[in-house]
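Below you'll find the structure, written out as structure tokens, and then a few comments.
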Amino acid sequence: MNEIKTRVMSFLLALVVVFPMIAQQATETTKRYILGIGNSFTQDMMTQVPNILDKDTACFDLNYLCIWGGALNDQLDYIENDKPEYLYFHYDNGQQCWTEDTVSFSQVIDSRNWNIFVLQQSAQYSGIFGTIRGDLTHLLRLLDAKCPNAKHY
């Protein structure tokens, strides 16, 4: 039950706070390049963004990297070792559907000038500060080195 509650709360936070705020700032001339890094929670959240925006996604480039059940320390392992095993999803605005590929982090991070990173911890560690403190700090440093002007959510 706690996992479901955590999933619902993460999902609601993203739906209610993050994406409407981003949508207000974005226009077609200021496209937002968004990369989610996480697990099935990230998928749950990101796949709902086109519905939230009522399919008006032209000002967004939506993407996410996924490790099923992956925690932040798993994300660091994939990123630091540039493992070509990340599941990568991209929202195709023209077709209004998601496409899937298997890639390495460097392929994705170097493909766009990212504006926004959405990061999520796995459910088993959700809310346990000690499990995210070092990993999150290290992950943010890696992302900042590649995209110093990007925002994190």
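The values are calculated or read from the model by the stated rules, or taken from the named source; none is laboratory data. Note that the structure is predicted; figures quoted are calculated from it, not measured. Here the Cβ is made from the backbone with ideal geometry for all residues, glycine too, and neighbour counts use every protein chain on show. The accessibility values were calculated without ligands, DNA or RNA, using every heavy atom of the protein model including side chains. Shrake-Rupley method; radii C 1.70, N 1.55, O 1.52, S 1.80 Å.
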Once you charge only the Cβ atoms, +1 for Lys and Arg and -1 for Asp and Glu, what is the size of the charge dipole of the range 27-141 about its Cα centre, to the nearest 20 debye?
-> 320
Residue 30 to residue 137: FRET efficiency via 1/(1 + (r/R0)^6), r the Cβ-Cβ distance, R0 25 Å, to the nearest 0.05?
-> 0.30
What's the carbon and sulfur percent of the range 46-153's accessible surface, probe 1.4 angstrom, rounded to a whole number?
-> 45
Whole-Hz Karplus couplings 3J(HN,Hα) for the range 91-101, θ = phi - 60° and coefficients 6.51, -1.76, 1.60, Gly and Pro as x, run 8, 8, 4, x, 8, 6, 8, 8, 10, 10, 8
Surface per residue (accessible, 1.4 Å probe) for the range 100-153, Å² = 58
Report ³J(HN,Hα) in whole Hz for each residue of the range 56-62, in order, from the Karplus equation J = 6.51 cos²θ - 1.76 cosθ + 1.60 where θ = phi - 60°; Gly and Pro get x.
-> 8, 10, 4, 8, 10, 10, 9
Lys and Arg at +1, Asp and Glu at -1: add these up for the other residues within a Cβ distance under 11 Å of residue 71 and post the number.
-> -3
Computed curve, the range 32-88, Cα-only Debye sum without solvent term, log₁₀ I(q)/I(0) at 0.12, 0.15, 0.18, 0.29 Å⁻¹, is -0.31, -0.46, -0.63, -1.15
